[in-house]
Amino acid sequence: MANLTGQERARYVQDMFERLAARYDLMNRIMTLGQDARWRRTVIRLADLPPGGRLLDLGAGTGDLARLAVQNNPVSQVVAADFTLEMMRVGRRHTPDPLSERLAWVGADASRLPFPTGYFNAVVSGFLLRNVADLDMCLAEQRRVLKPGGRFVALDTTPPPATPLLPFLRFHLHTVIPTLGALIAGQAEAYHYLPDTTEGFLAPEELADRLAASGFVQVRFERRMFGTIAIHSARKPER
Ligand SMILES: C[S@@+](CC[C@H](N)C(=O)[O-])C[C@H]1O[C@@H](n2cnc3c(N)ncnc32)[C@H](O)[C@@H]1O
């Protein structure tokens with residue numbers, strides 16, 4: 001996987017999530033010991049959606065962030081977009097009817113979004129950025145579809161920092177997670193992909209720099225889970 005780029009990388013990622021879709025949510029809960037629910041609440045709070053505003057959950061997968069946004073913002077419109085249709089099919093089945101009315105599911109590639117410029121008040125993503133073939137394009141597209149002053153929030157794994165805990169965190173990443181992935185999801189390869197892309201991804205400071213270089217302002221990040229998770233937030237400039 002490490003040597004794949006462009007369309008080949010995108011196809012690899014799509015095939016992997018297609019196979020994982022049925023067990024994806026369960027694996028998330030187990031790997032994070034249920035902590036991902038708290039991080040997701042922070043993402044939706046930071047999105048700060050105004051009443052009646054529009055939110056895009058990009059790389060929505062099974063739609064955990066999108067559903068939370070609908071629940072927390074009773075008069076908002078929420079769009080969940082992803083290029084793996086099977087992930088969204090699973091998500092739709094898990095969405096109760098009252099929420100479905102304000103949640104649209106759209107097949108879309110994060111590097112070429114099918115939405116007008118300045119359409120959304122907030123764009124959020126969970127565990128997307130480290131997967132995309134062209135990060136700068138993906139950031140530029142998110143900035144384009146935001147309204148002036150709109151909010152960007154991204155939750156993702158991040159290379160574990162050099163602290164005394166590093167050997168334990170690496171053991172969890174490279175041994176515990178792939179073993180659980182093989183036992184629970186029957187997908188050991190996908191759960192080698194997770195630690196490999198985590199270690200290969202940008203440090204939070206570097207991602208913050210890329211956001212600033214993409215034209216975002218008020219760029220901030222907070223770390224969670226012994227520094228292995230980061231939540232970045234930023235704004236599109238008012239003009
Ligand atoms: C790790 S899952 C995250 C799902 C969900 N956001 C969450 O928080 O659990 C990553 C998702 O990003 C999607 N994805 C990766 N690259 C993408 C791209 N270029 N365009 C659209 N979706 C993409 C995958 O299909 C997958 O559903």
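Bear in mind these aren't lab numbers, they're just calculated from the coordinates by the rules spelled out. Since this is a predicted model, take the numbers as computed values, not measurements. All Cβ positions, even for glycine, are placed from backbone atoms using ideal geometry, and neighbour counts span all protein chains on display.
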Checklist outcome for this item: Compactness summary of the range 1-107: radius of gyration and Dmax from Cα atoms, Å, are 14.6, 45
Checklist entry - Peptides 229-237, 16-24: what's the order by average Cβ count within 10 Å, highest mean first? => result 229-237, 16-24
Item to check | Among 149, 22, 198 - extreme Cα towards positive end, dipole of the chain, charges at beta-carbon | outcome: 149
Item to check | log10 of Debye I(q)/I(0), alpha-carbon scatterers only, for the range 120-239 at 0.09 Å⁻¹ | outcome: -0.28
Checklist outcome for this item: Per the range 32-179, sqrt(5λ) over the Cα gyration tensor eigenvalues, sorted largest first, in Å, gives 27, 18, 15
Checklist entry - Can you tell me the Rg and Dmax of the range 100-175, counting just the alpha carbons, in angstroms? => result 16.4, 48
Item to check | Beta bridge orientation in the chain: antiparallel %, DSSP, nearest 5 | outcome: 40
Item to check | Extension reserve of the residue 212-residue 171 stretch, reckoned as 0.36 nm per residue once the Cα distance is removed | outcome: 11.4 nm
Item to check | Potential lengthening between residue 106 and residue 137 on full extension [0.36 nm per residue; Cα-Cα distance subtracted] | outcome: 9.3 nm
Checklist outcome for this item: Once normalised by the length of the range 6-235, the mean sequence separation of its alpha carbon contacts under 8 Å that are 6 or more apart gives a contact order in percent of 19
Checklist entry - When all alpha-carbon pairs of the range 63-119 are counted, what percent fall beyond 17 Å? => result 37
Checklist entry - Taking the chain as a Gaussian network, where each spring joins two C-alpha atoms under 10 Å apart, which residue of 131, 121, 72 fluctuates the most? => result 72
Next on the checklist: Ranking request for peptides 47-53, 5-11: highest mean number of other beta-carbon atoms within 10 Å first, then the rest in descending order.
Outcome noted: 47-53, 5-11
Next on the checklist: Could you tell me how far the Cα centroid of the range 201-218 sits from the Cα centroid of the range 36-53, in Å?
Outcome noted: 20
